[in-house]
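Some notes on the structure that comes next.
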Amino acid sequence: MKKTNLADAVRSIPGFPKQGIIFRDITTLVKDKKAFKESIDALTEKYKNKGIDIVVGVESRGFIFGSAVAYKLGAGFVLVRKKGKLPAKTISATYELEYGTDTLEIHEDAIKPGSKVLIVDDLLATGGTVKAVTGLVGQLMGKIAGIAFVIELVDLKGKEKLKGYPVYSLIKFKGH
C-alpha cells in the first residue's frame, strides 16, 4: 500500500488569519482516514520503545493526536488546558503571545514524579506554548522523553525555544 504524503493532506490557506500568513489546517488530514492513521502510526513508531508513561496533549488539537498516540503506546493521557477549564486543583504557566500573554494549566496530580512524558501538539510555530508545557511537566517532576508535533513551521524557529529536549515533527513547512 502506497504511503500518503502527509504534507499533501494538510490544507494551506493563504492570508489567514491575516495577510502574509499561510494557515496550515490539519482538519483535512484528520478527516482523511488513511492520512490520520499514518500520522498516528508514525508518531507511535517513533516512541514505542521509550517506556512512555504519560502523553500530555496541548489544548486543543494536541488532544486529537495525543490521545490516539497514548492509546497505541498503552500510556495514560493528560490534558493541558487554558486557564479555568480544569475542575480540580491545578498549577499554571503564563507565556508570551504575539500580542499579550496566555496561561495554561495542568492538574497538580496529573503526573507522578519520575514518569516518562511525551508532549504532543499539532503545530510548532514559535514554541512558546510548548515551552510553557515543559515548565508544567518539570514542576510535577516528570521526565520529558520527547516532544512531538504533526507540523513544524521551520522559519519561525520554535525548535530553538525547546533546546535541550528531543523534538520530532512529522511534517516541516517553510514559510509562514
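Here, each number is a calculation from the coordinates, and none is a lab measurement. Please read all numbers here as calculations on a predicted model, not as lab measurements.
Miscellaneous remarks
- Helix-only CD estimate at 222 nm, as mean residue ellipticity for the chain, using -39500 (n - 2.57) per DSSP H run (n ≥ 4): -8000 deg cm²/dmol
- Across all directions, the shadow cast by the convex hull of the chain built on its C-alpha atoms averages 10.3 square nanometres.
- Using θ = phi - 60° in the Karplus curve 6.51 cos²θ - 1.76 cosθ + 1.60, the 3J(HN,Hα) couplings for the range 74-85 round to x, 9, x, 10, 10, 9, 10, 10, 5, 3, x, 9 Hz; x is entered for Gly and Pro.
- Computed Kirkwood radius, in angstrom, where 1/r is averaged over Cα pairs of the range 94-142: 11.7 Å
- The value of relative contact order for the chain, using C-alpha pairs under 8 Å at least six residues apart, is 18 percent.
- The three principal axes of the C-alpha atoms in the range 93-176 carry coordinate ranges of 39, 29, 19 Å, sorted with the longest axis first.
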